[in-house]
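No value in this document is a laboratory result; all are computed from the given coordinates. All figures in this text were calculated on a predicted structure; none of them were measured in a lab. When we count neighbours, we look across all protein chains shown, and the Cβ atoms used for this are built from the backbone with ideal geometry, even at glycine.
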Amino acid sequence: MNPIPVAERAARVEYAIRDVVVPATELEAQGHEILKLNIGDPLAYPGLPTPTHMIEAFHTALTRQQNGYSPSYGLPQLREAIAEDESGKGWRCKADDVYVCHGVTEAFQILLAAIIQPGDKILCPGPHYPPYMTYPPLFGGSTIEYRMDPDNEWRVDLDDIRAKMDEHVRLLVLINPNNPTGGIADRETISGLLKIAEEWPNCVIISDEIYDGLNFERNHVSTAAVADAEGSSVPVITFNGVSKVYYAPGWRIGYLAIRDPNDRFVLVRDGIERLLRSRLCASTPAQMGYLAGLRGPRDWMNDYLSRVIAQRDYCVERIAAIEGMETQIPGGAFYLFPRLTDPRWSSRDKDFVLGLLHAEKVLMVHGSGFSPHYGKGFVRLVYLPGIDVLADAFDRIERFLA
């Protein structure tokens, strides 16, 4: 019998970060141990556990049978805590502006479903987190990439954005700090983005700030705060959550916070709320755990950040000594995005990743999986493992390139 047809929208979906896990899993089944530098999950590596007070709050919610449905927009006390946290970054955020979701991924899907019509465009950085390319076509839209400068700390190319804007661009995306490059957008860059968006009345800015607490210079600038300071009328949608800065990715709690001083987003907001009600709610006990993170102590973050920076610096030093790779120094997140300078691999980044995996049992992600154009010839490396693991991995990478 013939197989039942798959929907074309699903057949086209690719997610490079997890797709490369498939051959790695096959090798593990054969008895090989894989050094995994592919996934940005702090809990996949020892030494960076979810803080105890957050786990205790999660556990307490379970023991108290706080397992029922919560309000569709999120627990009121969590929305209030998030609003206070966002307001502390320099903009006027109210609890009613916050909507709690199953991670930033669901927040993005909900927003797309509420705003995108067939033929609309999303302008996002290249390279970028893969869902920004994957999900828009599911809603009739398309993603256009704007350039980030690989030779200048992956800075946003405002001229390229300006050249690619038109009346069909509904969402202009900034990922700050950027995944996969670790690039940082400063106040001047954000101001430039706002000025561009102001020229197009139906354009909204998405500011994905899930790594904001992993800014190594501790100078993160909130896009909504810049918009407030400049009196911009452009709606800004901030994405954030518990997964990266609070080291609890499996809890799947994120949010979108709407900055819309002139009520230009009122119809879309109504659509967002309808969609959120239709999918019930995010995990109630996980929301309680996140609340404890926001309300509780944060001194532990300094120790975690120091460790992450030390591991970044070690990787940068190792790459500088390896013939065939070079890298910009990331200002945030926990990724390196080295360029393959070896002529055998400079245009074959996926072949390099698969070759390294099979020959040396080290797993990274090909840069073209984050952007077919702007990521080609690069690889993404996660520097969350301990330095002993990183040392072993770089010995193998150096051997493979030699």
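Total residues in region 91-135 satisfying the condition of being over 23 Å from Arg12 (Cα atoms) and assigned to a helix (DSSP H, G or I): the figure is 3. The helices (runs of 4 or more DSSP H) located wholly in region 1-70 that include 3 or more residues which are within 28 Å of Phe394 (Cα to Cα) and touching a residue at least 12 places away in the same chain (Cβ under 8 Å) occupy 16-19, 21-29. Count of region 329-361 residues, restricted to those that are in a strand (DSSP E or B) and either farther than 25 Å from Glu33 by Cβ or of a type in the set (Lys, Arg) (or both), is 2. Looking only at residues of region 230-270 that are of a type in the set (Gly, Ala, Ser), out of contact with any strand residue (DSSP E or B) (no Cβ under 8 Å at 6 or more places or on another chain) and surrounded by 15 or more Cβ atoms within 10 Å (Cβ to Cβ), we find that the one that is farthest from Glu86 (Cα to Cα) is Ala248.
Against the conditions (1) surrounded by fewer than 21 Cβ atoms within 10 Å (Cβ to Cβ); (2) within 27 Å of Pro150 (Cβ to Cβ); (3) free of Cβ contacts under 8 Å to residues at least 60 places away in the same chain, Pro338 satisfies every one except (1).
Do we find a residue being among the β-branched types (Val, Ile, Thr) and closer than 17 Å to Phe239 by Cα anywhere in region 51-64? Looking through region 51-64, none of the residues is among the β-branched types (Val, Ile, Thr) and closer than 17 Å to Phe239 by Cα. Restricting attention to region 25-57, the residues being exposed (fewer than 15 other Cβ atoms within 10 Å of the Cβ), closer than 28 Å to His358 by Cα and among the polar types (S, T, N, Q) number 2. On the given criteria, is Leu171 among the hydrophobic types (A, V, I, L, M, F, W, C) and not in a helix (DSSP H, G or I)? Yes. Looking only at region 275-289, decide whether some residue is basic (Lys, Arg), assigned to a helix (DSSP H, G or I) and in contact (Cβ under 8 Å) with a residue 24 or more places away in the chain. Within region 275-289, one or more residues are basic (Lys, Arg), assigned to a helix (DSSP H, G or I) and in contact (Cβ under 8 Å) with a residue 24 or more places away in the chain. Of the residues that make up region 311-328, is at least one over 19 Å from Gly386 (Cα atoms), in a helix (DSSP H, G or I) and in contact with a helix residue (DSSP H, G or I) (Cβ under 9 Å, 6 or more places away or on another chain)? Checked region 311-328: no residue is over 19 Å from Gly386 (Cα atoms), in a helix (DSSP H, G or I) and in contact with a helix residue (DSSP H, G or I) (Cβ under 9 Å, 6 or more places away or on another chain).
From the list Gly88, Gly68, Gly74, which one is out of contact with any His (no Cβ under 6 Å at 6 or more places or on another chain) and closer than 23 Å to Leu193 by Cβ? Only one candidate qualifies: Gly88.
Would you point out which residue out of Ala227, Ala185 is in a helix (DSSP H, G or I) and crowded, with 24+ Cβ neighbours inside 10 Å? First the steps, then the outcome.
Numbers: Ala185 fails: in a helix (DSSP H, G or I).
Sole residue among the options that is in a helix (DSSP H, G or I) and crowded, with 24+ Cβ neighbours inside 10 Å: Ala227.
Each residue in region 274-288 was checked for being surrounded by 15 or more Cβ atoms within 10 Å (Cβ to Cβ) and over 21 Å from the mean Cα position of the chain (by Cα), and 6 pass.
If you go through region 204-224 and pick out every residue that is in contact with a strand residue (DSSP E or B) (Cβ under 8 Å, 6 or more places away or on another chain) and assigned to a helix (DSSP H, G or I), you end up with 4. Taken over region 147-164, the criterion of being in contact (Cβ under 8 Å) with a residue 40 or more places away in the chain and acidic (Asp, Glu) is satisfied by Asp151, Glu153.
Only one of the numbered conditions (1) in contact with a Leu (Cβ under 9 Å, 6 or more places away or on another chain); (2) part of a strand (DSSP E or B); (3) farther than 20 Å from Leu384 by Cβ is violated by Arg147, and that is (1). Taking the criterion of being under 21 Å from Val266 (Cα atoms), not basic (Lys, Arg) and not in a helix (DSSP H, G or I), would at least one residue in region 75-90 satisfy it? Within region 75-90, none of the residues are under 21 Å from Val266 (Cα atoms), not basic (Lys, Arg) and not in a helix (DSSP H, G or I). Screening Ala95, Ala107, Ala113 for residues that are surrounded by fewer than 19 Cβ atoms within 10 Å (Cβ to Cβ), in contact with a Phe, Trp or Tyr (Cβ under 7 Å, 6 or more places away or on another chain), over 30 Å from Thr341 (Cα atoms) and among the small types (Gly, Ala, Ser) leaves exactly one candidate, Ala113. Every residue in region 124-174 that is among the aromatic types (Phe, Trp, Tyr), closer than 23 Å to Pro201 by Cα and buried (at least 20 other Cβ atoms within 10 Å of the Cβ), please. Hits for region 124-174 are Tyr132, Tyr146.
Output the residues belonging to region 107-121 that are more than 20 Å from Val266 (Cα to Cα) and in contact (Cβ under 8 Å) with a residue 24 or more places away in the chain.
The answer is Gly119, Lys121.
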